[in-house]
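No value in this document is a laboratory result; all are computed from the given coordinates. Every value quoted in this text rests on a predicted model; they were computed, and no experiment measured them. We place every Cβ from the backbone using ideal geometry, glycine too, and count neighbours over all the protein chains shown.
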Amino acid sequence: MIILDPSRGIKQATKINFNLLSQLLTTLLEANHKRKINIVAKVHKSRVAGTSMCWHVDEHEFQINLDISNTKKRYIFSSLLHELRHCIQINLFEYYWDTSSSMKTWREYWYSKEEVDARKMEKLTTQMIKAYDAMVVMNDQFKKYGLNKIA
């Protein structure tokens, strides 16, 4: 299961239901990888403007520092998907990336195997936003119609 655990500041800035997003990501990724995924990612504000980062803390634990200088939903989802892919690289494929400080040029970083792979995950942004928005509407309707009990 993928658990995105946002800080209070991230919740306020993004207004995203991270429990719902975690469920959608878990369903998508476990179905397509055909195995269970165990990732707990604490999501905090990035202190470096314009830059999101991911750190491997422990076996299944990660920390994502999310850039929220641009609070548009597309930017936030794209950044989360990118950083989550880095978590999957370690968790599923046991691929430990080089730190960007060991790379000599921007070009070397941009074309590194792990960054090219993570940018591919960003291509799911539009569909992930559509699925997320549809689930939010369905949850609201479920509550509105009182479907959680027999009336």
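Close amide H pairs (under 5 Å, H built 1.01 Å from N) link D67 with S46, S52, M53, residues at least 5 positions away or on another chain.
Restricting to lysine pairs 8 or more places apart or on different chains, what number in region 53-130 have Cα atoms under 23 Å apart? Taking region 53-130 as the scope, the lysine pair count is 9.
Only Cα pairs under 8 Å and 6+ residues apart enter the sum, and on that basis the relative contact order of region 2-142 stands at 21 percent. Compute the acute angle (0 to 90°) between the alpha-carbon long axis of helix 18-33 and the principal axis of greatest extent of the alpha-carbon atoms of the chain; round to the nearest 10°. Helix 18-33 sits at roughly 70 degrees to that axis.
Taking a point 7 Å from the Cα of M135 along the Cα-to-Cβ direction, the residues of region 56-95 with backbone N closer than 15 Å to it are 77-78, 80-81. Helix 73-91 and the longest principal axis of the C-alpha atoms of the chain enclose an angle of approximately 60°.
Tally the DSSP beta bridges in region 2-142 and give the antiparallel ones as a percent, rounded to 5.
25
Helix 125-144 versus the longest principal axis of the chain: what angle, 0 to 90°, nearest 10, using Cα atoms? Long axis of 125-144 versus the principal axis of the chain: about 20 degrees. Region 46-61 and region 63-77 have Cα centres spaced 12 Å apart.
Report the net charge of residues surrounding E61, where surrounding means a beta-carbon distance below 12 angstrom and charges are Lys +1, Arg +1, Asp -1, Glu -1.
Working: positive: K42; negative: D5, D58, E59.
Net local charge, E61 excluded: -2.
Using a simple spin-label model with pseudo-atoms 7 Å out from Cα toward Cβ, L28 and E59 lie 2.8 nm apart.
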